[in-house]
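The values are calculated or read from the model by the stated rules, or taken from the named source; none is laboratory data. Worth saying up front: this structure is predicted, and the values here are computed from it rather than measured. No Cβ is skipped: glycine too gets one built from the backbone with ideal geometry, and neighbour counts run over all protein chains shown. Heads up: the accessible areas ignore ligands, DNA and RNA and are worked out on the full protein's heavy atoms, side chains in. Shrake-Rupley method; radii C 1.70, N 1.55, O 1.52, S 1.80 Å.
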Amino acid sequence: MKKVIVFQHVGIEDLGLLNSLFKKKNIFLKYIKLYQGEHIPCNLEDYSLMISLGGPMNTWMEDKYPWLKKEKEAIRRFVIELNKPFIGICLGCQLLGEVIGGKIKKSKKTELGFFEISLNNQKENDPIFKNFPESFNVFQWHSYEVTNLDNPNICILGASENTPIQLFRYKENAYGIQFHIEIEKETLKNWCSEENFRKELQETIGINGIEYLAKNQEPLLKGMNKLCLIFFLNITNYFLKK
C-alpha cells in the first residue's frame, strides 16, 4: 500500500476533497498534526509522497511555532536528499519555496476569495498540469508569497494578476501551489465558522464579501472540484505508480 505523509498546521485545514479521493484509492494517509505537538517520524523514506497543507501562520514564525523549523528540515530531507515527491499548498508552497532558496515576502495585495490563475507554456511538458486549461478560477487566502526563485532547477508554471509565482515545480519531484485546489463545499463553511478565520475574512473582504462568497461559491467550486480530480489522477499516476 502506498503511504502519504501530510503535515497539518491547523485543525480546520485538511486535504479537503483530496482526502476522500486518496481513501477511495486505498492510499494510506498519515496526518501529522503539528499544531497538537505530534512529532515528524524519522522513517520518511517509507512514504511515497509528502504533502504540506495551508495554515494561518507564516514561515518565519519559528519562535511562536517551533515545529516550523523541524518541518522545513523534513521537507529539505524529503525533497532534496531523498528526491521524493512533494506537494505544498498555500503555506506549504511557501515552506518549499524557502527550503529551495526563495524568499517569502508580504504581498502588495492580499488575495482572499476566488481569483483567476493563468498557466504559461511550460505547462505543456508538465506531467501534473499539462491537461489543465490555460486559465481557471481557484480559491486564494494569502498575504505572503514566494519570490526570488532563481534556481535553474525551478520552473514557474503559473501566476495570477497580483502574484507572479502561484505555481512552480522544483526538479521533477516537488510542486509549490499557492492557491487552494482542495477545497470543497464544507471547507469555506468551516473556515467562516472559526473565530480567527472569520475575523480575518471580515477585516479583508467585509461582511458583504463573506455573504457574497457563500452565495456564489457553488458554480466556482464545481469547476475547481473537476480540476482537483484531474490533479489527483495526475499525481497518483505520476508519483504513486512508480
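Under the simplified labelling scheme, the LYS222-GLU195 pair shows an inter-label distance of 3.8 nm, with each label point 7 Å from Cα along Cα→Cβ.
Averaging Cα coordinates gives a centre for the stretch 3-46 and one for the stretch 118-154; these two points are 23 Å apart. With a simple spin-label model that places each label point 7 Å from the Cα along the Cα-to-Cβ direction, the separation between SER20 and LYS106 comes to 3.9 nm.
Dipole size of the chain about its Cα centre, with +1 on Lys/Arg Cβ and -1 on Asp/Glu Cβ: approximately 620 debye, rounded to the nearest 20.
Helix-only arithmetic for the chain: the sum of -39500 (n - 2.57) across DSSP H runs with n ≥ 4, divided by the residue total, places the mean residue ellipticity at 222 nm at -11000 deg cm²/dmol. In this calculation the C-beta distance from LYS69 to GLU211 is compared with R0 = 30 Å, giving a FRET efficiency of 0.15. Amide H contacts of SER107 (H built 1.01 Å from N, in plane; Pro and chain starts excluded): TYR144, GLU145 sit under 5 Å, all sequence-distant by 5 or more or on other chains. Put simply, the stretch 1-73 fits an ellipsoid with semi-axes of 22, 15, 9 Å; these come from the alpha carbon gyration tensor as the roots of five times its eigenvalues, largest first. Ordered from largest to smallest accessible area (heavy atoms of protein chains, 1.4 Å probe), the residues THR147, THR204, THR59 come out as THR204, THR147, THR59. Projected over all directions and averaged, the alpha-carbon convex hull of the stretch 66-124 occupies 5.9 nm².
The equivalent ellipsoid that matches the C-alpha gyration tensor of the stretch 124-234 spans semi-axes of 28, 18, 11 angstrom, in descending order.
Highest mean packing first, where packing is the average number of other Cβ atoms within 10 Å per residue, the peptides 8-19, 183-194 line up as 8-19, 183-194.
Placing unit charges on the Cβ atoms of the charged side chains and taking the dipole of the chain about its Cα centre, the candidate lying farthest along the positive direction among SER48, ALA74, ASN148 is SER48. Taken over the chain, the percentage of Cα pairs per 5 Å bin, counting from 0 up to the bin with the maximum distance, is 1, 6, 14, 19, 21, 19, 12, 6, 1, 0.
Entry note, the chain: relative contact order of 20 percent, from Cα contacts under 8 Å with a spacing of 6+ residues.
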